[in-house]
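Quick notes on the structure that follows.
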Amino acid sequence: MEHKWWHGKTAYQIYPKSFMDSNGDGIGDIRGIIGKLDYLKDLGIDILWLSPIYKSPLADQGYDISDYYDIDPRFGTMEDLDELIAKAKRRGIGIVMDLVVNHCSDEHEWFKKACEDPDGPFGKFFYIEDCKDGKTLPTNWRSYFGGSCWEKLPGHDDKVYLHVFHKKQPDLNWENPLLRKEIYKMINWWLNKGIAGFRIDAIINIKKKLPFSNYPADRDDGLTSMDNMLKEATGIGEFLNEMADETFRKYDAFSVGEVFNEKDSELPLFIGQNGYFSSMFDFSTTNLGQSSEGWHAAGEITANEYRDAIFANHQRVDGIGFLSNIIENHDEPRGVSRYIKAEDLNDHSKKMLAGLYFFLPGIPFIYQGQEIGMENLEHIDNMDQLDDCANANIYETSIAACLSEKEALEVLRKHSRDNARTPFQWSDEEYAGFSSTKPWLLVNPNYKRINLKSQISDSDSIYNFYKKMTALRKDPAYTETLVYGSFTPMHMDIDNLACYKKSADKTIIVYANHQAKDIVLPLDAPLKKILLSNSKDVVYDNYEIHLSGYDLVVCEL
Ligand code: TEU
Ligand code: CA
């Protein structure tokens, strides 16, 4: 495989609104990030992905952009961002911006002009359709946040526009070459600033199945999941290839796609050599347990399902390209709360989960707070405590399925995106050291127990475990094996054990005992050295290794 500059890197995702507030307005900002660059450098971070900080009404927390060339004043100024890019660069850290181009905000100039003149040039930047009787909609597709994906066009009772997400996020019409040209111009404007690349939002949605048509309803609301349309929409590759040619490839930029539902045959096109993207996220575990009925019907995830899903996905891309590995992001509940049984959740098991995913082939992404073991909220008493625009739909779908109010709040407690968006817990001071004032979203009440300050100086802390992991990937003795080594799942017949081998010039095995029970395993060859473990006294001889519950061992054979 041709080596690329991003292959051996460790990435970190910042959700700016919740990372660090520098000016005491309760909202995280760019200057807050600048102040933490040394912290991130010390953690071993090379690539920093910022969730959107562009000008936005924040209906979907910045994923609704009203000006692609400006910074929202709540996050700071363009000067602040230039300073962040420059200071990060000096520390060897590349800034990756979020590219949200499936839709913009309804407050974007383009949409305003489209409303003024739907038949004019900007009307063609969107999907605007006639709806003469004000009732018969072009399709029965359900938007991701619930309800129909069609909304009346402001000022025109006989027209509707398409929004696959929130109604304040009108979809951009990628079939229009003039729109595509505007997007590429904007991407290059940012790349010329010296950013390292982009994370590409919701990109699979840019190709619609046309002409518009209905699909069988899959819930009582009479609507149908967007997946049904996406499955039939072909030809997205032409857009993605053109975008890569016009932008990323010219700059050797890093690009990581938020891609769902791709077919096996498309993998080389997406992430192969000269693919549309440098990488795409491994969402194989994100989808686990999900039900088409809604989050209230989601199942528990077993350790075997977790292992089988990620191993299968890595085998699927083996020899083709690099996945980007996560245990959580700003759209997911906290990984430790989702993938570890509540009764077993502690520092030891959290480190196991960390080691399990971190050494997989591909690029590890750490989501802010993951490195200190941040957890989901413990209680939600009422909807007012929460913020996310996706919550109402989760709640209402649960109530419609006959859950009680209390049960519906419990569904949100487990699945709400707000779990990942509570402020970073820097210390045990008021507001967890995130801000000097009450933050925009509640601080997880567990901040006295879980915070960075208490972990920095504790060599056994989760934070220091993450530091050891990033350092091991950078150790020149092991880089070739960890980054480019072949991947072989092992001991697949043993339940609740995730074990894999990486081999190149060295042979490294990762053992992750994903359960409270001990296991004894035979060794293929004598173990040379333990490179990392969450246990101080791993017992082994030339023939076998003993793993206690939730032990993680990375060793050289
Ligand atoms: O998410 C896209 C997406 O398709 C989702 O699967 C997401 O998990 C869903 O919204 C859950 O309800 C991206 C962003 O990551 C997300 O924050 C935005 O809300 C969305 O696009 C729209 O820009
Ligand atoms: Ca602020």
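Residues in the range 453-465 that are crowded, with 19+ Cβ neighbours inside 10 Å and over 30 Å from ASP387 (Cα atoms) were compared, and the one that is farthest from the chain's Cα centre (by Cα) is SER461. The set of residues in the range 268-283 that are in a loop (DSSP other than H, G, I, E, B) and not hydrophobic (A, V, I, L, M, F, W, C) comprises GLY272, GLN273, ASN274, GLY275, TYR276, SER278, ASP282. Listed by position, the helices (runs of 4 or more DSSP H) inside the range 225-267 whose residues that are within 16 Å of ligand 1 (Cβ to nearest atom), touching a residue at least 40 places away in the same chain (Cβ under 8 Å) and out of contact with any Leu (no Cβ under 7 Å at 6 or more places or on another chain) number at least 1 are 226-232.
Scanning the range 437-452 for residues that are touching a Gly at 6+ places or on another chain (Cβ under 7 Å) and either outside the structural domain of HIS348 (by TED's automatic domain parsing) or loosely packed, with under 15 Cβ neighbours inside 10 Å (or both) yields THR437, LYS438. Within the set LEU43, LEU81, the sole residue that is assigned by TED's automatic domain parsing to the domain that holds ASN188, at pLDDT 95 or above and within 16 Å of ligand 2 (Cβ to nearest atom) turns out to be LEU81. Within the range 512-557, the set of residues being in a loop (DSSP other than H, G, I, E, B), among the aromatic types (Phe, Trp, Tyr) and over 34 Å from the mean Cα position of the chain (by Cα) comprises just one member, TYR543.
Of the numbered conditions (1) under 30 Å from LEU37 (Cβ atoms); (2) within 23 Å of the chain's Cα centre (by Cα), ASP428 satisfies every one except a single condition; which is it? Of everything listed in (1) under 30 Å from LEU37 (Cβ atoms); (2) within 23 Å of the chain's Cα centre (by Cα), ASP428 misses just condition (2). One residue alone among ASP70, ASP80, ASP119, ASP64 is among the acidic types (Asp, Glu), more than 16 Å from ligand 1 (Cβ to nearest atom) and closer than 16 Å to LEU162 by Cα, and that residue is ASP119. Checking the stated criteria, ILE27 turns out to be within 28 Å of PHE111 (Cβ to Cβ), buried (at least 22 other Cβ atoms within 10 Å of the Cβ) and more than 16 Å from ligand 1 (Cβ to nearest atom).
Restricting the range 424-436 to residues that are of a type in the set (Gly, Ala, Ser) and touching a Gly at 6+ places or on another chain (Cβ under 9 Å) leaves a set whose member that is farthest from ASN23 (Cα to Cα) is SER427.
The values are calculated or read from the model by the stated rules, or taken from the named source; none is laboratory data. Since the structure is predicted, the reported quantities are computational estimates derived from the model, not experimental observations. Neighbour counts run over all protein chains shown; Cβ positions are idealised from the backbone, glycine included.
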